[in-house]
Structures are given as structure tokens and as C-alpha cells.
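Student: Structure in C-alpha cells, see below.
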Amino acid sequence: MAIELIPLPLPASADPSKFQHFGREVKGIDPANISDKEFEEIQDALYKHDALLFRGVDLSPEKQYALTKAFDPTVDSYGHGNNKTGSEKKSILHPDLKTIPRVPQVQLIGNGTVYNHEGLAEAMLKHPSHTTFHKTRVSPEDEAKGITRFYRWHIDAALYDLSPPKVTTLYGIQVPDGPTQVCRYDDGTGDELPVPLGTTAFVSGRTMFDILPQELKSVAVRARVKYAPHPYVWMAPAHAMSTALGIESEGLELPLDELPPWEESKRKTLPVTWKNPVTGELHFQVHPCGAAELIIDPLPEGAKREGALYPDGAHLTDLKEVRGLLYKMQRPAIAPTFIYPHDWKPKDLVLFHNRGVLHTVVGAFTKEQVRAFHQCNLAASEDPKGPTPEDVKKYA
């Protein structure tokens with residue numbers, strides 16, 4: 001049976017014209033048992049469409065690790081390192097991940113208590129909720145009515161020492177039923193998004209770049225973002241914005257001299273836009289919560305200066321200014337019309353291009369609603385490539 005690619009079912013909130021390239025359901029291939037030729041087809045499809053869905057999959061942790069590793073064969077460490085957070089309990093990631101003992105590259109995530117699971121006698125899982133991370137929260141009364149929020153828009157990446165993974169695989173094992181929730185932005189726009197319970201929401205970094213006005217495209221192709229050292233420890237005391245697209249600037253970040261030992265040479269400075277290895281398109285790929293500085297190159301020779309932002313380049317180190325500029329560029333793309341909220345079913349396997357999309361968990365569960373997923377991504381063999389000089393000339 002030949003591979004078949006079918007557009008993903010979009011919610012009524014989505015604008016179909018913005019999803020012509022994004023997302024495909026794959027039929028005709030068992031992702032747990034693929035030939036080299038089938039993998040080449042999957043790899044090509046993933047980079048072209050950024051997210052692939054396989055339904056009804058039986059997938060062991062070993063098979064999931066092997067599939068993930070096939071995209072970057074020389075690597076073998078989980079995206080945050082096989083100990084996930086450097087044994088640092090202050091990290092905001094610490095409560096969310098439980099390692100599968102025999103395959104440390106695969107993490108168990110979810111909600112509730114899981115027993116006798118892949119070598120774990122008992123695992124107490126906690127679904128990340130905006131109530132523990134945002135500056136403000138939905139009232140308990142509204143929460144009881146099904147009102148919720150995005151948790152944290154992000155890229156799967158340590159953003160310190162290790163290179164961002166190319167691909168994340170997410171496998172739904174136990175998926176609780178429940179009513180649709182309404183994700184509220186609470187930013188004065190009135191934006192709301194109906195979402196399935198416990199959805200993973202995705203936005204295309206390609207769309208995020210494509211919809212920018214010209215003057216911001218120019219900044220995006222000329223800019224690099226410098227991340228804080230140990231960013232998940234650094235940001236832990238701080239609070240997120242109501243849209244989950246970054247941190248409120250309240251001066252609550254952990255001072256650099258109170259972080260675990262770090263080296264300046266291991267801090268990541270990455271392009272704001274990452275070049276797709278198959279399509280050549282640019283994807284706006286910034287983890288807004290970990291960003292500490294922005295370095296913007298001057299306009300290239302011959303570029304039009306009238307109306308240009310930062311024509312002579314800039315090095316922005318004021319956190320409020322850095323975050324404000326990134327928010328201005330990223331917020332349009334998380335409008336409801338641009339979001340794909342996946343409606344998980346048991347045995348769904350989703351592969352997503354971690355260098356081409358941003359994603360977030362959404363919603364909240366009760367303690368009785370047990371959810372168990374396996375997640376795998378691997379720190380890449382190299383950093384992502386940014387725009388070419390030709391790209392800079394085109395967009396600057």
C-alpha cells in the first residue's frame with residue numbers, strides 16, 4: 001500500500017487558506033515498522049507539512065526512539081539531556097517529565113497516577129496548567145465552566161549547550177474523554193478558541209513569518225536571539241503573560257549568579273528565522289520565554305532605509321524591550337484562525353517539525369482524569385541554519 005497524505009481536519013475557527021501546507025494524516029505506513037524508502041517519504045512529508053498524524057499506532061518506547069533518531073542518526077541524548085534538567089529541581093520542567101527507565105530518551109508525560117508503566121511501578125503525573133505559571137489566572141468559577149488558557153508557547157529545546165531537536169514525536173496512550181473547553185486569551189482582544197480537552201495546539205513558524213509586515217520581516221531575517229543560561233531555571237520564579245507567549249517583565253527572573261554553574265560559551269545565540277531543509281522557506285522560531293537579548297544586523301548594502309526599523313543594527317539587552325519586540329512579531333500568528341488544536345485519540349502518534357512550529361499544551365484536568373503520553377525528541381547534531389545572504393537581501 002502506497003503512502004497517502006490527507007489534510008488534517010481543521011476546526012471551524014481555522015482559516016483553511018492558512019493551512020494549505022500545514023499538517024497531514026499519513027496512511028499506508030506503520031511508523032513502528034518502516035523501510036528506508038518509507039522513512040525518506042515520511043521525512044520529506046514532515047519538512048513540507050510540519051506535522052504528521054498516524055492513527056491507531058502500536059509503538060513501544062524503543063520503536064519511538066528509533067523513529068525519532070532516524071531524523072538525526074548520530075544523536076542519542078534527549079533534547080534537554082538524558083537527565084532532562086541537569087538534576088535541577090528549580091527548573092520549571094522538573095515536575096512534568098518522567099523518564100522511561102530502559103529508554104531514557106523517551107519521557108512519560110500526562111496527568112494523574114499511572115501504575116506499572118514501562119518499568120515505572122507508580123508515576124504521579126501533572127498536566128502543566130496556566131494556574132501555576134501565569135501572572136493572572138482564570139477564576140475558579142470560569143474554570144468550572146470550561147474556560148482555560150494556553151500554558152506556554154515554545155520550541156522543544158534546552159536552549160543552553162544542546163542544539164534544538166529537529167523532530168518531536170508525541171504518542172497518546174491514555175486519553176481521557178471530556179467536554180470541549182474554551183481557551184481565552186485575556187489580553188483585551190476578546191480572542192477565544194474552542195479546544196478539545198487536553199489539546200496540543202500548534203502554529204506554523206512559516207505562517208508566523210509570512211504574515212509579518214515588511215518592516216518586521218526585515219528585522220526577523222537580520223536578527224539573532226540570545227537565550228539566558230539555564231533558561232528554565234532562570235524563568236522559573238517569573239510569570240507568563242495571559243496569552244502564554246512570553247514572560248511578564250517584573251524582574252522576577254533568577255539572577256545569573258544564582259543559577260547552576262554555567263559558561264558563556266554554552267549560551268545559545270540562534271537566528272530568529274530558521275531555514276527549512278526541504279522547502280527552503282523561513283520559519284519564525286523563537287522561544288519567547290527564554291529570550292534574553294536580540295542582536296540585529298544592519299541593513300545590507302543597497303536596501304531601502306526609509307521606514308526600516310534598526311537600519312544600522314542594534315543589540316537589545318533590556319528585557320522589556322526584547323520581549324516587546326518579539327511579542328509584536330509573534331502575537332499575530334497565535335490568533336485563533338492560525339491555530340491547529342489536535343483532538344487526541346488513543347494510539348495517535350504525532351510527529352512535528354520542532355524547527356518549524358511552536359506548540360503548547362492547553363487546558364486543565366481533574367486528578368481523576370488520567371492521561372499518559374510518550375514524548376521523544378533528541379538534541380540535534382547541529383544548530384539550525386538561518387537565512388542566507390540572498391534571503392536577507394530579499395526581505396530586508
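The values are calculated or read from the model by the stated rules, or taken from the named source; none is laboratory data. Predicted model, so just to flag it, every value in this text is computed and none were measured. Positions of Cβ are generated from backbone atoms using ideal geometry, with glycine treated the same way; all protein chains shown enter the neighbour counts.
Student: Condition (residue is closer than 19 Å to Arg355 by Cα and modelled with pLDDT of 95 or more) applied to segment 188-200: is it met by at least one residue?
Tutor: yes
Student: Can you tell me which residue is farthest from Phe22 (Cα to Cα) among those in segment 186-211 that are touching a strand residue (DSSP E or B) at 6+ places or on another chain (Cβ under 7 Å) and among the hydroxyl-bearing types (Ser, Thr, Tyr)?
Tutor: Thr199
Student: If you take the residues of segment 28-62 that are in contact with a Pro (Cβ under 8 Å, 6 or more places away or on another chain) and either under 16 Å from Phe373 (Cβ atoms) or not aromatic (Phe, Trp, Tyr) (or both), which of them is surrounded by the most Cβ atoms within 10 Å (Cβ to Cβ)?
Tutor: Result: Ile42.
Student: Taking the options Val322, Val272, name whichever one is at pLDDT 95 or above, touching a Leu at 6+ places or on another chain (Cβ under 7 Å) and farther than 30 Å from Val57 by Cα.
Tutor: Val322
Student: Separate question: For segment 193-211, state whether one or more residues are under 30 Å from Leu256 (Cα atoms), touching a residue at least 12 places away in the same chain (Cβ under 8 Å) and surrounded by fewer than 19 Cβ atoms within 10 Å (Cβ to Cβ).
Tutor: no
Student: Go through segment 341-372 and give me each residue that's of a type outside the set (A, V, I, L, M, F, W, C) and over 20 Å from His127 (Cα atoms).
Tutor: Answer for segment 341-372, where residues must be of a type outside the set (A, V, I, L, M, F, W, C) and over 20 Å from His127 (Cα atoms): His353, Asn354, Arg355, Gly356.
Student: Moving on. Filter segment 137-151 down to residues that are over 19 Å from the mean Cα position of the chain (by Cα), of a type in the set (A, V, I, L, M, F, W, C) and surrounded by 17 or more Cβ atoms within 10 Å (Cβ to Cβ) and give me whichever is nearest to Glu253 (Cα to Cα).
Tutor: Selected residue: Val138.
Student: Now for a separate question. Which of the residues that make up segment 359-375 are part of a strand (DSSP E or B) and either charged (D, E, K, R) or within 17 Å of His117 (Cα to Cα) (or both)?
Tutor: Once the filter is applied, which keeps residues that are part of a strand (DSSP E or B) and either charged (D, E, K, R) or within 17 Å of His117 (Cα to Cα) (or both), segment 359-375 yields Arg371, Ala372, Phe373, His374, Gln375.
Student: OK, next. Let me confirm something: among His134, His154, which residue is surrounded by fewer than 21 Cβ atoms within 10 Å (Cβ to Cβ), in contact with a strand residue (DSSP E or B) (Cβ under 7 Å, 6 or more places away or on another chain), touching a residue at least 60 places away in the same chain (Cβ under 8 Å) and not hydrophobic (A, V, I, L, M, F, W, C)?
Tutor: Exactly one residue qualifies, and that residue is His154.
Student: Taking Asp142, is it among the acidic types (Asp, Glu) and part of a loop (DSSP other than H, G, I, E, B)?
Tutor: Considered against the rule, which asks whether it is among the acidic types (Asp, Glu) and part of a loop (DSSP other than H, G, I, E, B), Asp142 comes out as no.
Student: Check off (1) surrounded by fewer than 16 Cβ atoms within 10 Å (Cβ to Cβ); (2) in contact with a Pro (Cβ under 8 Å, 6 or more places away or on another chain); (3) at pLDDT 95 or above for His315 and give me the number that stays unchecked.
Tutor: That leaves (2) as the condition not met.
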